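One structure is given below, encoded as structure tokens.
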Amino acid sequence: MATMTMAKALNAALADAMLDDERVVVFGEDVGQLGGVFRITDGLQARFGDKRCFDTPLAEAGIVGFAVGLAMSGLRPVVEMQFDAFAYPAFEQIASHVAKLRNRTRGALSVPMVIRVPYAGGIGGVEHHCDSSEAYYAHTPGLKVVTPATVADAYSLLREAIDDPDPVVFMEPKKLYFTSAEADLSARTEPFGRAVVRRPGRDATLVAYGPAVPVALEAAEAAREEGWDLEVVDVRTIVPFDDATVTASVRRTGRCVVVQEAQGFAGVGAEIAARVQERCFHALHAPVLRVSGLDIPYPAPMLEHTHLPSVDRVLDAVVRLQWDDQPDPRWLTEGSAA
Amino acid sequence: MTTTPQAARRASPRKRKPATPAAPDPSAGLLPQADPVRLLSPDGTPLPSRADYPEPPVEALREMYRRMVVGRRFDAQATALTKQGRLAVYPSSRGQEACQVGGVLALRDDDWVFPTYRESMALTARGIDPVEVLTLLRGDWHCGYDPAERRTAPQCTPLATQCVHAAGLAYGESYQGRDTVAMVFIGDGATSEGDFHEGVNFAAVFKAPVVYFVQNNRYAISVPLSRQTAAPTLAYKGVGYGVPSEQVDGNDPVAVLAVLNRAVAHARAGKGPYLVEAHTYRMEPHTNADDQTRYRDADEVEAWRDRDPIARLETYLRAQAVLDDAAVAEIAEQAEAYAAQLRERMNAQPTVDPLSLFEHVYAQPTPQLVEQREQVRAELAAAQEEDA
């Protein structure tokens, strides 16, 4: 056990994967000598040489497409998209090739690659630096989409992503990069496809992933003072999604709030809410609610606190979970003739 | 005898002050020749041979002729199959036989091909089963052949995206100590896509052994070349990336093979990528679903018949005495047999198992896919019961 930041855990995961498997190569923009703008690849070039960790031309479609070819030749590329919104030029390569090559070739070619995407806000970043883009990837069959919320998971999920036979979009919550925790890097946490109960509780379930997990945990702690005992489930792997753990939790508690940082409309939280009500309808005492970012372009640093789901917004949702068995007044008049 | 005094003469010949030596032209060796390389005139008579592009051995050219004849017959058969409803769609490459066949003949079997949807002829010329090549166009969901075994990527529909894959694959192969070359087939329109530029640039920066082979057939569906580029020709796009480039008469089979041989040798020698533009012409519409009368005159198409690559090579090979009436007839017969067999095999209604849709989305299906597969299985069972 050692105390380290999430950034250090990710760096250790890359180094250990490169040590264990010669086929692993790491590349992208500024990942070589500089060690990445967030220093996630710090020291890798010095340690493994510039053939295994290297800078590329500044072209995201090129980086991802190049990785497809490297994977076809038998290597295991791990690429860095410098920021969430800078990955959009690569989207055609990701959606049309990375996600589909296995299927188009009936498994003759696969793309065991990892696309690391530093994502989401809370760091005072200027425009185009704080997007939550996970839904685009999760909506694309053939991709796995993973996002750690703890230091131990950051290490373990990245190791597993590199080992995985399928392409993995690895979403790294920027605001958690420099959070510290004790982690045992010699042990893997739960595998892909497994959500985890981070905090047990009886009254309601908060389902969250990535940067929203610490918010949910903090909200659960605050709710305790108001008398509620909230359970927090960390999704961890958006694809494949762990219906079983989420369903079991909501059936126990009978109430559910999904928390995500991304804008809400047509997002991952909407999918989770739909799945929960399909599976848990008879166990639910209230509609499944969502707490998310606003449906606006990610705002300027001075206003990002207005956008980001806060502990208070989560608690407001908990209050609305129909504890008195009355309809939510918020939508009582919607749809009725004016 | 009197001597006239003479003015002193200069002992040394007149010379200008030596100029400061010119800096070497940084584009030397990168720019294409001003005119497309041509070794046969359009009527098939040979042009003077040239040291930079030695003529390929005559046996190779005879084999090229054979594959071009079979390829054209295959192409005609595939177009016919669309009319019979056996193929959903077919993009013909009639008229581009020299490029389709020359491209694969310049490669070794263990080299990689990155084709587009217009390369069905190239793929069959590479020896891939034509029924497998046409699988996708028949309406099935996968590429048909085994790309790893055939060293041929799936036919690429999103234009130019394979340009970067080839750079990655070729770099990965050389990184692992293999001397594999990758050849990308693309058209004129695709050179406007960003991935063409990113691919050529990555290949150049990483010295990846890739040959980018542009078949400029003058139209991207309906849009003419003048709307794609203001460059002198497409081969001039290489210099900006530091990539040596050449242009060739794409309907001159001898020149196409000679130029591609040199490009492949350059790549294999570890000197990085090479760009070749072949000037050719698509004799058929974009696909069977296209109406070419809306964008080009019949006269224009007719004029290109006089530059037919097969007739051109045939004339030349007959003059070289490596082809005679009997050989031409025998090859035509081979082509007919190839088409007849294809027709027969394509007449059988293919069966596609709906449950196979779930097999290769991931190495292992997700729980959600397992659930959906069970639903489809139940639907199929119910339908079967209803039919019984």
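Below, the figures for the structure above:
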quantity	calculated
Flag if B:ALA167 is facing chain A (nearest Cβ under 10 Å), in contact with a His (Cβ under 9 Å, 6 or more places away or on another chain), crowded, with 24+ Cβ neighbours inside 10 Å and among the small types (Gly, Ala, Ser)	no
Of residues in the stretch A:242-275 being within 14 Å of chain B (Cβ to nearest Cβ) and crowded, with 23+ Cβ neighbours inside 10 Å, the one nearest to B:GLN372 (Cα to Cα)	A:ILE272
Some residue of the stretch A:283-305 being among the β-branched types (Val, Ile, Thr) and farther than 17 Å from A:GLY264 by Cβ	no
Output for the stretch B:357-374, where each listed residue is under 18 Å from A:ASP243 (Cα atoms), surrounded by fewer than 16 Cβ atoms within 10 Å (Cβ to Cβ) and within 7 Å of chain A (Cβ to nearest Cβ)	B:PRO367, B:GLN368
Single residue of the stretch A:77-89 satisfying the filter (surrounded by fewer than 24 Cβ atoms within 10 Å (Cβ to Cβ) and in a helix (DSSP H, G or I)) that is farthest from the other protein chains (Cβ to nearest Cβ)	A:ALA85
Where B:VAL200 falls short, out of the listed (1) surrounded by fewer than 24 Cβ atoms within 10 Å (Cβ to Cβ); (2) more than 8 Å from chain A (Cβ to nearest Cβ)	(1)
Which numbered condition A:CYS280 fails, given (1) surrounded by 15 or more Cβ atoms within 10 Å (Cβ to Cβ); (2) within 21 Å of the chain's Cα centre (by Cα)	(2)
Single residue of B:VAL184, B:VAL248, B:VAL256, B:VAL211 found to be assigned to a helix (DSSP H, G or I) and under 17 Å from the mean Cα position of the chain (by Cα)	B:VAL256
Number of positions in the stretch B:70-94 that are hydrophobic (A, V, I, L, M, F, W, C) and part of a helix (DSSP H, G or I)	6
Condition broken by B:THR229, with the remaining ones in (1) touching a residue at least 12 places away in the same chain (Cβ under 8 Å); (2) part of a helix (DSSP H, G or I) satisfied	(2)
Some residue of the stretch B:165-174 being modelled with pLDDT of 95 or more, assigned to a loop (DSSP other than H, G, I, E, B) and out of contact with any helix residue (DSSP H, G or I) (no Cβ under 8 Å at 6 or more places or on another chain)	no
Residue within the stretch B:260-273 that is in a loop (DSSP other than H, G, I, E, B) and among the β-branched types (Val, Ile, Thr) present	no
Residue in the stretch A:240-259 that is touching a Phe, Trp or Tyr at 6+ places or on another chain (Cβ under 7 Å), within 29 Å of A:HIS282 (Cα to Cα) and not assigned by TED's automatic domain parsing to the domain that holds A:PHE66 present	yes
Test: A:VAL31 is buried (at least 21 other Cβ atoms within 10 Å of the Cβ), touching a Cys at 6+ places or on another chain (Cβ under 9 Å), in a loop (DSSP other than H, G, I, E, B) and at pLDDT 95 or above	yes
Test: residue in the stretch A:101-116 that is away from every other protein chain (no Cβ under 14 Å) and in a loop (DSSP other than H, G, I, E, B)	no
Any hit, the stretch B:137-159, residues being assigned to a helix (DSSP H, G or I), touching a strand residue (DSSP E or B) at 6+ places or on another chain (Cβ under 8 Å) and surrounded by 24 or more Cβ atoms within 10 Å (Cβ to Cβ)	no
Qualifying positions in the stretch B:330-355 - within 14 Å of chain A (Cβ to nearest Cβ) and touching a residue at least 60 places away in the same chain (Cβ under 8 Å)	B:VAL352
The stretch B:95-121: number of residues that are outside any loop (DSSP other than H, G, I, E, B) and either aliphatic (A, V, I, L, M) or closer than 24 Å to B:ARG62 by Cα (or both)	13
Filter result for the condition that a residue is away from chain A (no Cβ under 14 Å), touching a Leu at 6+ places or on another chain (Cβ under 9 Å), assigned to a helix (DSSP H, G or I) and farther than 30 Å from A:LYS144 by Cβ, over B:ALA327, B:ALA311, B:ALA382	B:ALA327
Selected residue [outside any helix (DSSP H, G or I), small (Gly, Ala, Ser), within 14 Å of chain B (Cβ to nearest Cβ) and surrounded by fewer than 24 Cβ atoms within 10 Å (Cβ to Cβ)] from A:GLY74, A:GLY125	A:GLY74
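The values are calculated or read from the model by the stated rules, or taken from the named source; none is laboratory data. Small disclaimer: the values here were computed from a predicted structure and weren't measured. Virtual Cβ from ideal backbone geometry, glycine too; neighbours counted across all protein chains shown.
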